[in-house]
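J.: Sharing a structure below in structure tokens format, with a few things to ask.
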Amino acid sequence: MSTTFYVVTDKLSTNPELSSNGGDYTEGRTVAVRNGWPTGVRYWTSWDGGFCNLCGRYEPFDCNCSNVLDDRDWHGWEAGELLTGRDHEIALARLANGGFTLV
């Protein structure tokens, strides 16, 4: 069985000058899918600072990574961008190394 990955952008920065360290960040999720069902999620942001990829919280020193996944974590994955090539390989490595919160 192969795992596919879909990128879902939840929020686009409206001010690119502030998109990496000014408060107007692009945010989203990469959803791992196996056999047509979401099995894991990894959060991401354009911020250069502390952010937890497992629970989606800023300031990871505040994070306990006890994210309980629900429908909002999967919402919209079918319309997301399918990762291929090198991006797919990177996502597979992250999944293998515990970089996704799993169901």
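The values are calculated or read from the model by the stated rules, or taken from the named source; none is laboratory data. This one's a predicted model, so the numbers in the text were calculated from it and none came from an experiment. When we count neighbours, we look across all protein chains shown, and the Cβ atoms used for this are built from the backbone with ideal geometry, even at glycine.
J.: Residues of the stretch 1-46 being more than 16 Å from Ala79 (Cα to Cα), among the polar types (S, T, N, Q) and surrounded by 17 or more Cβ atoms within 10 Å (Cβ to Cβ), which ones?
T.: Scanning the stretch 1-46 gives Ser13, Ser19, Thr26, Thr45, Ser46.
J.: Out of Asn97, Asn35, Asn15, report the one residue that is at positive phi, modelled with pLDDT of 85 or more and not aliphatic (A, V, I, L, M).
T.: Just one listed residue meets the conditions, Asn35.
J.: Now for a different question. Take the conditions closer than 21 Å to Ile90 by Cα, part of a loop (DSSP other than H, G, I, E, B) and not hydrophobic (A, V, I, L, M, F, W, C) and apply them to Asn53. Does it pass? Steps first, please.
T.: Numbers: closer than 21 Å to Ile90 by Cα: yes; part of a loop (DSSP other than H, G, I, E, B): yes; not hydrophobic (A, V, I, L, M, F, W, C): yes.
For Asn53, the condition - closer than 21 Å to Ile90 by Cα, part of a loop (DSSP other than H, G, I, E, B) and not hydrophobic (A, V, I, L, M, F, W, C) - is met.
J.: Among Arg72, Arg42, which is in a helix (DSSP H, G or I) and either in contact with a Cys (Cβ under 8 Å, 6 or more places away or on another chain) or within 17 Å of Leu102 (Cβ to Cβ) (or both)?
T.: Exactly one residue qualifies, and that residue is Arg72.
J.: Among the listed residues Leu69, Leu54, which satisfies the condition of being without any contact (Cβ under 8 Å) to a residue 60 or more places away in the chain and either touching a Lys or Arg at 6+ places or on another chain (Cβ under 9 Å) or within 16 Å of Ser2 (Cβ to Cβ) (or both)? Reasoning before the result, please.
T.: Numbers: Leu69 fails: either touching a Lys or Arg at 6+ places or on another chain (Cβ under 9 Å) or within 16 Å of Ser2 (Cβ to Cβ) (or both).
Step by step, each of Leu69, Leu54 is checked, and only Leu54 is without any contact (Cβ under 8 Å) to a residue 60 or more places away in the chain and either touching a Lys or Arg at 6+ places or on another chain (Cβ under 9 Å) or within 16 Å of Ser2 (Cβ to Cβ) (or both).
J.: Kindly evaluate Gly99 against the criterion of being under 12 Å from the mean Cα position of the chain (by Cα) and assigned to a strand (DSSP E or B).
T.: Against the criterion (under 12 Å from the mean Cα position of the chain (by Cα) and assigned to a strand (DSSP E or B)), Gly99 does not qualify.
J.: Of everything in the stretch 79-103 that's surrounded by 11 or more Cβ atoms within 10 Å (Cβ to Cβ) and β-branched (Val, Ile, Thr), which residue is farthest from Thr39 (Cα to Cα)?
T.: Filtering first and then ranking leaves Ile90.
J.: Select from the stretch 45-69 the residues that are at positive phi and out of contact with any Cys (no Cβ under 7 Å at 6 or more places or on another chain) and list them in ascending order.
T.: Gly56, Glu59, listed by residue number.
J.: In this structure, is Asp71 over 14 Å from the mean Cα position of the chain (by Cα), charged (D, E, K, R) and farther than 10 Å from Val8 by Cα? Quick ask: steps written out before the conclusion?
T.: Values: over 14 Å from the mean Cα position of the chain (by Cα): yes; charged (D, E, K, R): yes; farther than 10 Å from Val8 by Cα: yes.
Against the criterion (over 14 Å from the mean Cα position of the chain (by Cα), charged (D, E, K, R) and farther than 10 Å from Val8 by Cα), Asp71 qualifies.
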